[in-house]
Amino acid sequence: MTVYENYFYSEHDFDKEHMGYKPLSIPEGVEAAPLPVPPVLKPDKLEGNDIYYTIEAQVGESQILPGKKTTTWGYNAPLLGQTMVVKTGQRVHVHLKNSLPVLTSFHWHGMEVPGPITDGGCHAPVYPGEEKDIEFTVKQPAALTWLHAHPCPSTAMQVWMGLAMGVVVTDDNEARLPIPKNYGVDEFPIILQDRTFHDNQLDYRQDYDPMGVFGEVPLINGAVKPFVDVTTRKVRLLFLGGSDRREWRLHFEHDLTMTQIGGDDSFLRHPIDVKKLLIGPGERQQVIVDFKDFKPGDTVALYTDDFKLVEFRIHEFAHTDADDKELPFNIFTPEDPDVNPDMPVRHVTMDDHDKINGLRFSMERIDMEQELNSVEYWDVTNTNSSAAGMLHPFHIHGAHFLVLSRNGQKPNPNEINVYKDTVEVGPGETVRLKVYFQNPGVFMYHCHIIEHEDAGMMAQIKIVDPKDPDKEYKLMDMETITNAFASEMGVEPGEVFMPGMDVEEMDMGCAFHKAEAEQSRRLVEAVSAASHGHRGHESAEHGHVDSSSGASH
């Protein structure tokens, strides 16, 4: 079998080449500690095919660094959350509770649920002290999805404070596969994040960078220097790229091979062997690592670039329920429906650090419409030049897609025949996707460098059900949400820190204070000036783009 030994992306496009990059470091006094494994969230009740949960966004304290505890936010936990497990076909009922001092929202990243309210983006705020109920049917195969805050334009800050948790989908196919699935023993979620601490506290406003915020300290499941006790058998790792900006370029010491079995929203059709794995913001990848060639007492470290993230400590094999059968060649068969021949290719461009198709996000503007279950091609282009551009992770709410090509060539080996909802697009690159939606509603699509989406690199698509073509959806407006934040914080609307969101011709002073505006302007102008060498959405090769539909004519 072929073993892939590179990251599938140009090294020049890696984030360490760009303005604002920060190398990782371990603060003095931090000692190795066991990897925290988020406990499985217990359902409130189970009635036949219906399962009920309560998820509470709350303030807590976490012992992350020596000394003073850090104020953090989490879901049913002080930091991050408990792992929610649902099964394909189940009807899921969720009681949402906001115990934070500010409004938030609960976005189901990777879950195919109706929009915009159930999806939990900007249009579904839950105010402090408020409780709401949502429900949805799980219509997708086994995967690691996740829940995170998504209140425009405070998504990055709230994720920075800790609002992210795993949502695992299981199905009968996964149950049949000979893969490790003893959670916390030979199956581990690995949530990859980075943070900067100020006297042991998080201060997002101080660290804010419109190009994307890098943290200086790695947090793996909320721990700085974790180790995992494993045996001389196979281990399954569920990676989640949970950073605001940082890409994670993962590899094991001793040149250990990883067998990748899963992507964002499904298993791969065929497992592939890799030495290196790049995971961008919002992406998920599943791998199996076999420690059979090591002996008890050995250690094997997982690295990003040249920085050690996690140490795996090898012990004697003591479990009796492991399955050492070889993986079958075919572990998942994706549906690959025909494209609607009546629809032109849609062209979506990610421009500078803050625009989609040349426009900054507006909460009440619908940028495209697509018919429910209509399968269509989307060509997604990163218009930044290769001289100063960066990888932009493109994410679509409420849908999965198949990656068909990169600049007309084959996609990366680990994104063939696997359901994705987030894909890295390199500078000057066009990635063709096959997209359809199983649920009606209004959904967002955006760059998942979270500061970019907060700054305006986000747009909206309305999915129209032919059986109810005139259905309208209540959309949040910028003024209402700004006034709500101001009221909660006890400040005037113009004093609310809402970077980049002066997008609806509001004169409320909500973009930045003067000093912040000047710093942001200098950074943005420097990067924008360097990136104007390529403007795919204006070039003849991409055709004319209708801003109301996104389709190329």
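The values are calculated or read from the model by the stated rules, or taken from the named source; none is laboratory data. Keep in mind the model is a prediction, meaning the values are calculated, not measured. Ideal geometry is used to build each Cβ from the backbone, glycine not excepted, and the neighbour counts take in all protein chains shown. The accessibility values were calculated without ligands, DNA or RNA, using every heavy atom of the protein model including side chains. Shrake-Rupley method; radii C 1.70, N 1.55, O 1.52, S 1.80 Å.
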(message) Given the options F239, F227, name the one that is modelled with pLDDT of 95 or more, open to solvent by 10 Å² or more (accessible area, probe 1.4 Å) and of a type in the set (F, W, Y).
(response) F227
(request) Could you please find all residues in the range 256-271 being open to solvent by less than 20 Å² (accessible area, probe 1.4 Å) and either assigned to a strand (DSSP E or B) or in contact with an Asp or Glu (Cβ under 6 Å, 6 or more places away or on another chain) (or both)? (result) M258, Q260, I261, G262, D264, D265, F267, L268, P271
(message) Among the residues of the range 290-314, what is the count of those that are within 26 Å of M165 (Cα to Cα) and touching a Lys or Arg at 6+ places or on another chain (Cβ under 7 Å)?
(response) 3
(request) Read through the list (1) open to solvent by less than 10 Å² (accessible area, probe 1.4 Å); (2) out of contact with any His (no Cβ under 9 Å at 6 or more places or on another chain), then give the number of the only condition that M165 fails. (result) (2)
(message) Among the listed residues G490, G494, G500, identify the single one that is surrounded by 20 or more Cβ atoms within 10 Å (Cβ to Cβ) and either modelled with pLDDT of 55 or more or in contact with a strand residue (DSSP E or B) (Cβ under 9 Å, 6 or more places away or on another chain) (or both).
(response) G500
(message) What's the total number of residues in the range 113-131 that are surrounded by fewer than 23 Cβ atoms within 10 Å (Cβ to Cβ) and either among the polar types (S, T, N, Q) or within 23 Å of A142 (Cα to Cα) (or both)?
(response) 2
(request) Please specify each residue of the range 282-304 satisfying the condition of being surrounded by fewer than 14 Cβ atoms within 10 Å (Cβ to Cβ) and either more than 20 Å from Q260 (Cα to Cα) or modelled with pLDDT of 95 or more (or both). (result) K295, P296, G297, T299
(message) So in the range 363-387, with the set limited to residues that are part of a loop (DSSP other than H, G, I, E, B) and open to solvent by 20 Å² or more (accessible area, probe 1.4 Å), which one is nearest to P466 (Cα to Cα)?
(response) L372
(message) Among the residues of the range 442-462, are any open to solvent by 10 Å² or more (accessible area, probe 1.4 Å), in contact with a Lys or Arg (Cβ under 7 Å, 6 or more places away or on another chain), part of a loop (DSSP other than H, G, I, E, B) and at pLDDT below 95?
(response) no
(message) Can you find, within the range 175-196, the residue that is modelled with the highest pLDDT among those that are surrounded by fewer than 18 Cβ atoms within 10 Å (Cβ to Cβ) and closer than 24 Å to I64 by Cβ?
(response) T196
(message) Restricting to the range 405-436, give me the number of residues that are of a type in the set (K, R) and crowded, with 22+ Cβ neighbours inside 10 Å.
(response) 1
(message) Checking the structure you have, find out if any residue of the range 247-257 is within 24 Å of the chain's Cα centre (by Cα) and among the β-branched types (V, I, T).
(response) no
(message) Take residues that are surrounded by 14 or more Cβ atoms within 10 Å (Cβ to Cβ) and over 23 Å from the mean Cα position of the chain (by Cα) and tell me which of the strands (runs of 3 or more DSSP E) falling wholly in the range 1-82 contain 1 or more.
(response) 50-62, 70-75
(request) Go through the range 388-434 and give me each residue that's outside any strand (DSSP E or B), under 24 Å from I261 (Cβ atoms) and without any contact (Cβ under 8 Å) to a residue 60 or more places away in the chain. (result) K410, P411
